[in-house]
Structures are given as C-alpha cells and as structure tokens.
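The values are calculated or read from the model by the stated rules, or taken from the named source; none is laboratory data. The shown structure was predicted, so the numbers you read here are calculated from the model rather than taken from an experiment. Here the Cβ is made from the backbone with ideal geometry for all residues, glycine too, and neighbour counts use every protein chain on show.
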Amino acid sequence: MDHATLLTLGIAAIATLGVIVRPWSVPEYIWAVLGAAVLVVSGLVPWQSALAAANKGTDVYLFLIGMMLLAEAARREGLFDWLAAHAVRAARGSARRLFLIVYAVGTLTTIFLSNDATAVVLTPAVHAAATAARVAPLPYLLICAFVANAASFVLPISNPANLVIFGAQMPPLMQWLSLFTLPSIAAILITFLALRWTQRRALEQPVHDDVTLQPLSLTGHCVGAAIAATGIVLLAASAFDRPLGLPTFLCGTGATVAVLIVGRRSPLPMLRDIAWGVLPLVAGLFILVDAVEQTGVLHALAAYLREAAATSPRQTTLLSGIAIALLSNAMNNLPAGLLAATVGQSVELPLHVTGGLLIGVDLGPNLSITGSLATILWLIALRREGLSIAAWQFLRLGIVVMPPALLAALFVLAFSPL
C-alpha cells in the first residue's frame with residue numbers, strides 16, 4: 001500500500017473509533033464529520049467526491065427525518081402514554097407477560113416499519129409503559145435495541161441496509177422469504193430466550209396495572225393512523241422496488257403538519273427536540289466509506305470472496321457472515337454494510353453468501369452498544385428520557401445474546417438448499 005492509502009485508512013479508522021468510543025462525551029456525529037473534513041482538507045478525497053458520497057445517503061436522510069417526525073409527534077400527542085397504559089393493563093400484573101408483549105410489539109414494529117423505527121418510535125412508548133407500571137425500565141428498553149437487529153431481515157423493508165446490500169440484485173419477495181424466514185425465526189427466538197434469561201431477576205418485580213386510561217386525543221389518533229399508514233406505504237414501496245426514504249418523509253411530514261394545524265401549534269418546539277445530529281453522522285460515514293473504497297482495498301477483497309464462494313459456498317457463507325458481524329461492531333454496521341454492498345455488488349456472489357453478509361450486518365451489531373445505527377438511535381432516545389447504559393454493560397449482555405443467534409441464523413441459511 002502507498003502512503004496515501006495508509007493515511008486514508010488511518011483517518012477513517014480513527015474517525016470511526018471516535019464514533020464508537022465518544023471520547024470526552026463528544027457526540028458521535030462530530031467524529032464522523034471531523035474525519036470526513038480531514039480527508040477533504042488534506043486532499044486525500046476531492047470535495048466533489050465527498051459531496052457525491054454524502055448525496056448517496058439522501059434516501060437514508062429522508063427515511064430518518066420521517067421516522068423522527070412521527071416519533072416526536074406521537075410523543076407530544078400522548079400516543080405513547082395511551083399505548084403504554086394498554087400494554088400495562090394487558091400484562092395483568094405480570095412482568096414476564098409485559099416483557100413478552102413488548103418483545104412481540106418490537107418484533108412486529110421492526111418487521112413492518114424497520115429497525116430504525118423500533119429504536120426511534122417504540123423506545124419512548126416502552127419507557128412510558130415501564131413508568132406507568134412502576135418497574136425498572138431498562139429490562140424492557142433493552143428489547144428495543146436487541147429485537148431491532150434480530151428481526152431486521154424478515155422482510156427487505158425491515159432494515160434499510162437490506163436494500164443497500166442487495167441493490168439491483170434484490171431477490172423477489174417470495175425468494176427472499178424462502179431464504180430468510182427460517183434464519184429470522186431462529187434469530188428472533190434465540191434472542192428472546194437469551195435476553196429473557198439475562199433479565200430473569202428483574203422480571204420478578206411486580207407490575208402495577210392500576211393505571212388510568214385517558215382517552216386519546218384527535219391529534220393522537222391522527223399520529224397513530226399515520227404510523228399505520230407508513231407501514232402500509234413501506235410495504236407497497238418495497239413490493240414495487242422503490243426507495244423507502246421519500247415515502248417515509250412524506251408520511252412523517254404529513255402527520256406533523258396535520259397535528260400542528262389541528263392543534264394550532266407552532267412547529268418550533270417539535271423541530272427543536274428532534275435529534276438532528278444523526279443526519280451529519282450518516283453523511284460523514286458515507287464519505288468515510290467512499291474514501292476507503294477509492295483505495296482499491298475492497299476490490300481485492302471482492303475477488304478473494306468470489307474465489308472462496310466458488311470453491312466452498314457454505315463455509316464462505318458462515319465465515320463471511322461472522323467476519324462482517326465482527327467488523328460491524330468494530331466500525332458500526334452502516335459503514336460495514338456499505339462496504340459489504342460494494343464487495344457483494346462488484347462481483348457475482350452466490351445468493352447465500354450475500355445473505356450471510358446481510359445477516360452479519362443486521363444481527364451482528366447486537367454485540368456492542370454502537371454496533372448499529374439503530375442502537376445509536378436507541379441510545380439517543382434513552383438520553384432524552386434521562387437514562388443511560390455503559391458500553392461494558394451492553395457488551396456483557398451482547399456476548400450472551402448475539403453469538404448464539406448469529407450462528408444459528410447463519411447455519412440455517414448456509415445449510416438450506418443452495
């Protein structure tokens with residue numbers, strides 16, 4: 001490797017490490033943007049290339065804005081409190097039943113609205129439920145983080161990364177289901193059992209179900225209908241192989257405008273409370289990945305993967321899935337997914353090998369607290385509720401929860417008919 005390649009890789013690695021570690025509590029997006037800026041100012045990446053790379057994330061930006069608008073509108077209009085009261089009543093005093101209800105809702109939210117929606121929309125609702133039940137919220141909030149990744153390859157729309165990794169090679173829906181249904185069931189069930197076991201002591205705490213069920217306002221009904229409509233729109237967009245960002249943005253914007261008009265409110269308080277920093281974070285990561293791609297390292301990796309897949313497809317499926325899972329935890333699954341997409345689409349890989357990469361990118365990040373964009377969004381949602389979790393605490397759980405789910409999903413995929 002020449003000096004420029006080594007320098008580019010070094011800057012990208014340091015910036016990614018800053019996103020993961022957050023030294024001095026500096027927000028994640030500062031490190032991503034700073035790394036991208038250093039690459040441009042130093043001349044390692046032309047500003048035109050950096051701008052083009054950032055523009056590749058347009059669909060992601062629109063998707064996130066739409067989801068954040070829906071979540072903030074739902075929080076302000078009391079939809080989360082209303083749903084929380086129903087969930088607590090349905091638990092009938094049992095913490096284990098409440099845990100199961102939250103996990104089931106989280107699974108369905110991830111499948112039909114995406115893992116980012118689970119992190120952004122469901123987390124405040126689960127916190128409201130735990131508050132209403134007068135129980136420690138973290139055991140239930142952990143579900144939002146873990147199931148967001150465990151259920152994120154049931155459908156193509158369950159994780160925007162799925163569309164990125166397959167790109168133009170996206171299989172038809174029925175072929176997708178035949179490929180990923182059994183691995184998804186394995187991942188969801190094993191994640192539930194492992195997470196449930198780690199939280200067994202906390203679930204001995206009684207749930208107080210004497211909550212007052214307040215009627216939902218008209219604007220709350222509007223937001224609820226908008227969230228349901230968003231799920232239908234995303235399914236339709238996926239069926240017609242259309243990007244998900246613009247439909248999500250329009251649904252979120254439409255719901256927000258309707259709520260503001262009906263409630264006769266100013267948009268400023270709502271816009272002020274949204275975590276806009278996630279957008280420059282994504283842009284910075286896109287630029288860092290583009291810089292790594294320009295070094296040529298990925299082309300050599302793609303050629304090696306193609307040769308391995310030709311001689312040993314099952315073993316390659318397993319090893320590539322494990323490798324990209326570990327890489328996702330080391331550098332976040334958004335850049336890891338972009339790297340996997342570049343590698344997978346530059347050569348013709350067997351469908352199972354690409355599927356192994358996808359499972360690694362989707363499920364692998366359950367090991368570390370900054371492994372996925374969805375988990376970072378979950379962390380931001382926790383901070384808004386005045387809560388936090390240390391990286392080592394999450395890692396202790398991730399070591400128990402993630403490896404068995406990942407290995408089971410990859411084995412089921414690898415040994416299904418090729």
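Observations
- Filter pass, PHE180 being within 30 Å of VAL343 (Cβ to Cβ) and in contact with a Gly (Cβ under 6 Å, 6 or more places away or on another chain): no
- Count of the range 330-350 residues which are surrounded by 20 or more Cβ atoms within 10 Å (Cβ to Cβ) and in contact (Cβ under 8 Å) with a residue 60 or more places away in the chain: 10
- Among the candidates ALA36, ALA4, ALA13, residue that is under 16 Å from GLU293 (Cβ atoms), loosely packed, with under 15 Cβ neighbours inside 10 Å and of a type in the set (Gly, Ala, Ser): ALA4
- Matching helices (runs of 4 or more DSSP H) fully within the range 88-165 where at least 1 residues are closer than 18 Å to GLY386 by Cβ: 123-133, 138-150
- Qualifying residue in the range 22-33 (condition: of a type in the set (A, V, I, L, M, F, W, C), on the phi > 0 side of the Ramachandran plot and more than 23 Å from the chain's Cα centre (by Cα)): yes
- Residues located in the range 43-87, provided they are outside any helix (DSSP H, G or I) and either under 18 Å from the mean Cα position of the chain (by Cα) or in contact (Cβ under 8 Å) with a residue 24 or more places away in the chain (or both): LEU44, VAL45, LYS56, GLY57, GLU77, GLY78
- Residue match in the range 375-389 (condition: among the aromatic types (Phe, Trp, Tyr) and surrounded by fewer than 20 Cβ atoms within 10 Å (Cβ to Cβ)): no
- Pairs meeting the criteria (first residue in the range 273-285 and part of a loop (DSSP other than H, G, I, E, B), second residue among the aliphatic types (A, V, I, L, M), beta carbons under 6 Å, at least 6 apart or on different chains) are ILE274/MET68; ALA275/ILE380.
- Residues in the range 26-42 that are outside any helix (DSSP H, G or I) and at pLDDT below 85: VAL26, PRO27.
- Positions within the range 111-140 being more than 21 Å from the chain's Cα centre (by Cα), touching a residue at least 60 places away in the same chain (Cβ under 8 Å) and surrounded by fewer than 24 Cβ atoms within 10 Å (Cβ to Cβ), in sequence order: ALA132, ARG134, VAL135, ALA136
- The single condition among (1) over 21 Å from HIS86 (Cβ atoms); (2) in contact (Cβ under 8 Å) with a residue 60 or more places away in the chain that LEU260 does not satisfy is (2).
- When the residues of the range 50-77 are filtered to those that are surrounded by 17 or more Cβ atoms within 10 Å (Cβ to Cβ) and of a type in the set (Gly, Ala, Ser), the one that is farthest from VAL259 (Cα to Cα) is ALA50.
- Taken as a whole, the structure places ARG242 among residues that are out of contact with any His (no Cβ under 6 Å at 6 or more places or on another chain), surrounded by fewer than 19 Cβ atoms within 10 Å (Cβ to Cβ) and not in a helix (DSSP H, G or I).
- Of all residues in the range 329-338, none are outside any helix (DSSP H, G or I) and over 19 Å from the mean Cα position of the chain (by Cα).
- Filtered residue count, the range 371-414, keeping only those that are assigned to a helix (DSSP H, G or I), within 17 Å of VAL120 (Cβ to Cβ) and hydrophobic (A, V, I, L, M, F, W, C): 9
- On the stretch given as the range 150-174, residues that are touching a residue at least 12 places away in the same chain (Cβ under 8 Å) and surrounded by fewer than 15 Cβ atoms within 10 Å (Cβ to Cβ) total 4.
- Single match in ARG272, ARG306 (criterion: farther than 23 Å from VAL45 by Cα, buried (at least 17 other Cβ atoms within 10 Å of the Cβ) and charged (D, E, K, R)): ARG306
- Check on ALA323, modelled with pLDDT under 85 and either over 18 Å from ASN55 (Cα atoms) or not in a helix (DSSP H, G or I) (or both): no
- Taking the criterion of being of a type in the set (Val, Ile, Thr) and under 15 Å from VAL278 (Cα atoms), the residues of the range 5-53 that qualify are THR16, VAL19, ILE20, VAL26, ILE30, VAL33.
- All positions within the range 241-257 that are within 25 Å of THR219 (Cβ to Cβ), touching a residue at least 24 places away in the same chain (Cβ under 8 Å) and of a type in the set (A, V, I, L, M): LEU246, LEU250, ALA255
- Qualifying position, being over 30 Å from LEU363 (Cα atoms), surrounded by 15 or more Cβ atoms within 10 Å (Cβ to Cβ) and of a type in the set (Gly, Ala, Ser), among SER217, SER266: SER217
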